[in-house]
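Structure, as structure tokens:
The values are calculated or read from the model by the stated rules, or taken from the named source; none is laboratory data. Keep in mind that what you see is a predicted model, and the values were worked out from it rather than measured. Backbone-built Cβ (ideal geometry, glycine too); neighbour counts: all protein chains shown.
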Amino acid sequence: MFALIAIALAAEPASETPAPPVPEAPPVPATTGQAPTPPPPVVASVAADLDSPRVKPWEVDIHVAGIVLENSALGEFNRSGATTGGLRVAYRVAPWITPFVGASANGAGMSHFVEEGDSGDLFETAYYQDQFFAGLKSAWAPSPYFGIYGLAQGQLVLGILRIDDDADVDDNPGQIELEGATGGVTGALGIQAAAPVRGDRVDVTFHLEVGYAWNAPLELGDVATLNIQGVFIRTGAGARF
């Protein structure tokens with residue numbers, strides 16, 4: 001009988017111990033592309049400054065300048081002046097750096113008549129000048145519509161001296177014409193005011209600057225040497241956009 005009980009107990013299935021639950025792996029996030037790398041702080045600052053609606057990188061102005069020449073070898077040209085008109089184009093590449101290029105010209109800014117001997121003939125001596133320049137401008141503006149600036153530039157000067165009874169005619173028979181070229185540097189300080197037009201997209205500008213222009217002596221053949229340098233005042237109007 002004990003043998004039958006032992007066989008019966010051996011035949012019963014052993015109770016199963018439940019296995020611990022397996023944790024589920026977290027879902028893999030879907031990738032939509034690589035996240036953009038933020039720009040360096042300096043580059044971002046300059047880009048934000050140039051993109052600001054209050055900052056217009058382009059600047060174009062027309063100007064008139066009067067220069068008081070220090071000395072020359074042509075007698076009555078001493079202590080005289082020359083008036084030039086020109087165009088200047090600038091583009092701001094950084095908050096404190098604005099390169100520019102330009103050109104200016106004057107027509108017979110210095111001229112006088114000389115009576116020849118007893119004949120009474122009058123001959124006009126006139127000087128014409130073209131100038132091409134490039135430089136850098138640095139401005140400080142406490143407000144979007146007023147600022148002060150300094151500039152430095154290098155220039156190429158082309159000069160023509162004519163002696164004739166009518167120097168404005170460049171092909172008169174018997175006319176004496178002398179040409180020369182020189183170069184130099186200029187430094188100036190100025191003030192600028194601006195007024196907005198067309199909303200905030202364009203500013204009309206006005207400027208006034210005072211400086212000193214230095215050029216190497218201008219050799220005009222064997223007739224004369226001009227020292228075309230001295231203090232100048234330049235003013236004009238333009239636009240920023």
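Tell me, which residue of the stretch 102-132 that is surrounded by fewer than 20 Cβ atoms within 10 Å (Cβ to Cβ), aliphatic (A, V, I, L, M) and touching a Gly at 6+ places or on another chain (Cβ under 8 Å) is modelled with the highest pLDDT? Top of the filtered list is Ala103.
Condition check ((1) buried (at least 16 other Cβ atoms within 10 Å of the Cβ); (2) of a type in the set (A, V, I, L, M)) across all residues:
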site: Asp203; (1), (2): yes, no
site: Glu209; (1), (2): yes, no
site: Ala216; (1), (2): no, yes
site: Leu220; (1), (2): yes, yes
site: Ala224; (1), (2): yes, yes
site: Gln229; (1), (2): yes, no
site: Arg240; (1), (2): yes, no
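Among the residues of the stretch 185-200, write down those that are buried (at least 19 other Cβ atoms within 10 Å of the Cβ) and either aliphatic (A, V, I, L, M) or closer than 30 Å to Asp222 by Cα (or both). Selection gives Thr186, Ala188, Ala194. Scanning the stretch 57-79 for residues that are small (Gly, Ala, Ser) and either modelled with pLDDT of 55 or more or within 26 Å of the chain's Cα centre (by Cα) (or both) yields Ala65, Gly66.
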